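Read the structure below first, then the notes.
Coordinate-derived values only; no laboratory data. Remember, predicted model here, so these are calculated numbers, not experimental data. In this analysis, Cβ positions are derived from the backbone assuming ideal geometry, glycine residues included, and neighbour counts consider all displayed protein chains.
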Amino acid sequence: MSESANRQNDNQADDSIHLQQVGGVYRLTLNRPQRLNALTREMLSRISDALADIAADAGARLLVITGAGRAFSAGQDLTDKGAIEDGRACRNTVERYYNPVIRQIHSLELPVVAAVNGIAAGAGVSLALACDIVIAVDSAAFDIAFARIGLIPDAGGTHQLQRLLGPARARALAMLGEKLAAPEAARLGLIHRAVADDTFEAEVNALAQRLAEGPTRALALMKQAFHAGDHHSLEQQLALEAELQAQAADSEDFAEGLAAFLAKRAPRFKGM
């Protein structure tokens, strides 16, 4: 992405995140490399503000979330005084800071890609898995570390691990506090792909371009359907698919896709 074309988020006075925009593609970088991008309450508030800005941008087509330096995120910063000292503090941190961010990622009407450039641990795993597509460097790892400090996976961690890996493997990983290397995470279906470190940026950019040039209105509806499928019966899902398909069929992108197919040319989607 061209630095000259980037738009920086004005509300990041502490520099703990960077929000950049090129066209309709946003890139949110967790920016505490000296702490392996460990998350604080202030940082989570800034992430939430950035997500709100993206949601309000009618021209937004894609969000990539990544980390600065050698980590994606080491999870909760244990030195964030007052964040997790006791049950009351933990509940407040999870409910007030983590859960809104996870909900915002789920509800964004565009694809969200986690570009896991290094270790993801604890809540860093939960943050990555909240995204629609996870791509990681081969040298990255997903460390389900909660049990090692006497806590449980939060920020949607129990939901995502069980949904992606199945209950038996998810429970074992969480209870044993184990770590999955990125290639193994891809093999097990926890993430989409693990790629060589030296081609990672090129792979992320190619994926971002492909998604941003796609029918992003249909992709948003697809995302809605997949999330609903976690708790719907078959009959409920069939009804929802019919409704969402009708919305997709009324879009300009569908008209363009159909016209392009009949004309045997590449479609030019606008996300409308």
Study note, to complete from the structure: With residue 95 itself left out, Lys, Arg at +1 and Asp, Glu at -1 over residues whose Cβ is under 15 Å from its Cβ give +3
Practice item. As a check on your grasp of the helix formula, calculate [θ] at 222 nm for the chain: sum -39500 (n - 2.57) over DSSP H runs of n ≥ 4, divide by the residue count, round to the nearest 500. Key: -13000 deg cm²/dmol
Point to revise | Charge dipole of region 209-272 about the Cα centre (unit charges at C-beta), most positive-ward option of 222, 262, 249 | key: 262
Check your understanding: Treating the beta-carbon of each Lys and Arg as +1 and of each Asp and Glu as -1, no other charges, what is the dipole magnitude of the chain about its Cα centre, to the nearest 20 debye?
Key -> 340 debye
Review point. Measuring from a point 7 Å past the Cα of residue 252 along Cα-to-C-beta, which residues in region 26-57 have an amide N at less than 20 Å?
Key: 26, 55-57
Review point. Quick one: length gained pulling residue 268 to residue 42 fully straight, 0.36 nm per residue minus the C-alpha distance?
Key: 77.3 nm
**Study point:** In nm, spacing of pseudo-spin labels at residue 15 and residue 187 (7 Å Cα→C-beta vector)
**Key:** 4.1 nm
Revision key, fill the gap. With +1 at each Lys and Arg Cβ and -1 at each Asp and Glu Cβ, the charge dipole magnitude of region 216-263 around its Cα centre, to the nearest 20 debye, comes out at 120 debye
Practice item. Mind checking the full-extension length gain between residue 152 and residue 197? Use 0.36 nm per residue of separation minus the Cα-Cα distance, one decimal, nm. Key: 13.1 nm
